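For reference, the structure is listed below as structure tokens.
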Amino acid sequence: MKSPLLSLPGAVPAEGVDEGVAAHYGDLFREQRALADGSGFVDLSHRGVVTVTGEDRLSWLHLLLTQHVSDLPAHQATEALVLSANGHVEHALYLVDDGQTVWAHVEPGTQGALVAYLESMKFFYRVDVADRTDDIAVVHLPAGSIAEAPEGVVVRETPYGRDLFLPRQDLESYAADAGPAAGLLAYEALRVEHHRPRLGFETDHRTIPHELGWIGTAVHLQKGCYRGQETVARVQNLGKPPRRLVFLHLDGSEVHLPAHGTEIRVAGEGEAEGRKIGFVTTSVRHHELGPVALALVKRNVPVDARLLAGDTAAAQEVVVEP
């Protein structure tokens, strides 16, 4: 779905899964600094929006999601996962309940599969699931923003900012009054800075929550009764995840950033040289930190090992403890 905000001056379209919104509006670092200072907004209208209504909505979702939501207070934001039977991450939901409806935004293009799964699990519960992507657009306001949400708009407030579930027809008029627009590359740079994983970027077909630090933010360890819970409990109590998320400081002399999926190897001489130990998940240019990235590496890689992301030298910073 192509955003009308791509008509703003300087807008350069994003590509791949983020197609449909602007990657930037002509000045990547200015846009990053604006967000870091609490001004402007980000058009996330390409993301999927799913709602759940009905009096059983919270108790029902509590049985399906990794998060404890049965007693979720109205207007309190949280995030949750849907796991496979083997404990692998299938969906990531960023949600809030407004007292009558649970609102969630999800990765672009995943809302159809999520709705189909939720519909298959309704049974006798009094719930209604809807894909609202066609009529609701997500807009992000950074932390510290003094911009006001329009009356009646559902807001999901987190330490990183506020997500507005805005009627899609109001997107252009809201943008005209919301301050300078920042593109998705600026938003992603701050996401990487804060070590926040993203489905489809930091995940693959075998990712489990422990590997990415989703334990505590999207997984509640004092509840069970959801698909994949056995894997979560087993890793938590008896073992360690096979991989761990790391933050990489990349060699700034390189012209190109290593792409998603670029192999990571141990640098230096000796037997370990050339051994593949992981891959780059997201790489960005940050306005203060320079070129940085998130990556998944094998758990037993020493935390002080010098790495190569493709041909780019990289120093690692621990995100998930080995």
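Coordinate-derived values only; no laboratory data. Please read these numbers as outputs of a predicted model, since none were measured by experiment. Virtual Cβ from ideal backbone geometry, glycine too; neighbours counted across all protein chains shown.
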Points 7 angstrom from Cα along the Cβ direction at LYS276 and ASP98: gap in nanometres? 4.7
For the chain, what is the charge dipole size about the Cα centre, in debye to the nearest 20, if Lys and Arg each add +1 at the Cβ and Asp and Glu each add -1 at the Cβ? 1000
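In whole percent, what relative contact order does the chain give with Cα contacts below 8 Å and a gap of six or more residues? Before the final figure, lay out the partial values.
Working: 719 pairs, mean separation 59.6, N = 322.
Relative contact order of the chain: 19 percent.
For HIS287, HIS68, what ranking results if the residue with the fewest other Cβ atoms within 10 Å of its Cβ goes first? Display every interim value, and only then the final one.
On the way: HIS287 18, HIS68 15.
Sorted ascending by nearby Cβ count, the order is HIS68, HIS287.
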Among GLY16, LEU257, PHE279 the positive-end extreme of the charge dipole of the chain (Cβ point charges): PHE279
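Within 10 Å, count the other beta carbons around each residue, average over each peptide in 46-57, 228-239, 117-128, and list them highest first.
Numbers: 46-57: 19.8, 228-239: 14.5, 117-128: 12.8.
Highest mean packing first, the order is 46-57, 228-239, 117-128.
Computed FRET efficiency, Cβ-Cβ of ALA143 and PHE123, R0 41 Å: what is it to the nearest 0.05? Numbers along the way, then the final one.
Details: r = 40 Å, r/R0 = 0.97.
Using R0 = 41 Å, I get an efficiency of 0.55.
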About the Cα centre, charge dipole magnitude for segment 22-123 (Lys/Arg +1, Asp/Glu -1 at Cβ), debye: 140
Please count, across the chain, the pairs of lysine residues with Cα atoms under 24 Å apart that sit 8 or more places apart or on different chains. 5
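For the chain, what does -39500 (n - 2.57) per DSSP helix run (n ≥ 4), summed and divided by total residues, give at 222 nm, in deg cm²/dmol to the nearest 500?
Values: 7 runs with 58 residues, N = 322.
It comes out at -5000 deg cm²/dmol, rounded to the nearest 500.
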With 5 Å bins from 0: P(r) over segment 51-144, alpha-carbon pairs, percent: 2, 12, 25, 27, 20, 9, 3, 1, 0
Cα centroid separation, segment 128-193 to segment 54-115 (Å): 19
